[in-house]
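Reviewing the structure listed below.
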Amino acid sequence: MADLFDPACELCEAARLTEWFYEDDLCWVAECELCATPMVVWKRHDPNPTEEVRVVLLARLSEVVDAHYGYEHWVDDNMRSIPTHYHAHARPRGGFYGHGTRRGKDQRSL
Ligand SMILES: [Zn+2]
Ligand SMILES: [Zn+2]
């Protein structure tokens, strides 16, 4: 099972630290600490889900965006900062993104 969890990986680590909107056996969805947009994280330390898995992950992400953010989004799964662990951000369409997009939550900065 060592390939499922890497203690040095920020996303594996975040699995224990972050407030989650959603969780199941496959993934969790939370607000990204760095860019304050929702992201789905696969529960495997692996950068390459099958297409079937990826479709499910992105559907979960979409549900969270609808329920908690309420904006039209596009999926950004270009994994620039953590290329070894699959995750995808839901970024607002239309150019603006980042802090203050979540309903009813204090803004914060890093
Ligand atoms: Zn982010
Ligand atoms: Zn990881």
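The values are calculated or read from the model by the stated rules, or taken from the named source; none is laboratory data. Only a predicted model underlies this, so the values are computations on that prediction, with no experimental measurement involved. Cβ sites come from the backbone with ideal geometry, for glycine too, and all protein chains shown count toward neighbours. What goes into the accessible areas is simple: the full protein's heavy atoms, side chains included, and nothing from ligands, DNA or RNA. Shrake-Rupley method; radii C 1.70, N 1.55, O 1.52, S 1.80 Å.
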Practice problem: Working only within region 1-43, note down all residues that are closer than 20 Å to Tyr71 by Cβ, touching a residue at least 40 places away in the same chain (Cβ under 8 Å) and aromatic (Phe, Trp, Tyr). | Solution: Phe21, Tyr22
Quiz item: Mind checking which residues of region 81-110 are of a type in the set (Ser, Thr, Tyr) and either open to solvent by 80 Å² or more (accessible area, probe 1.4 Å) or at pLDDT 95 or above (or both)?
Solution: Ser81, Thr84, Tyr86, Tyr97, Ser109
Quiz item: Can you find even one residue in region 10-19 that is loosely packed, with under 14 Cβ neighbours inside 10 Å, within 16 Å of ligand 1 (Cβ to nearest atom), outside any loop (DSSP other than H, G, I, E, B) and within 14 Å of the chain's Cα centre (by Cα)?
Solution: yes
Quiz item: When region 23-35 is examined, which residues are found to be more than 13 Å from ligand 1 (Cβ to nearest atom) and open to solvent by less than 70 Å² (accessible area, probe 1.4 Å)?
Solution: Asp24, Leu26, Cys27, Trp28
Quiz prompt | Residues of region 44-55 classified as more than 16 Å from Asp76 (Cβ to Cβ), free of Cβ contacts under 8 Å to residues at least 40 places away in the same chain and within 16 Å of ligand 2 (Cβ to nearest atom), total | solution = 2
Exercise. Tell me which of these Cys35 doesn't satisfy, since it passes every other one: (1) within 13 Å of Ala88 (Cα to Cα); (2) modelled with pLDDT of 90 or more.
Key: (2)
Quiz prompt | Residue list for region 38-80, filter: touching a helix residue (DSSP H, G or I) at 6+ places or on another chain (Cβ under 6 Å), open to solvent by 40 Å² or more (accessible area, probe 1.4 Å) and either within 19 Å of Asp6 (Cβ to Cβ) or assigned to a helix (DSSP H, G or I) (or both) | solution = Arg44
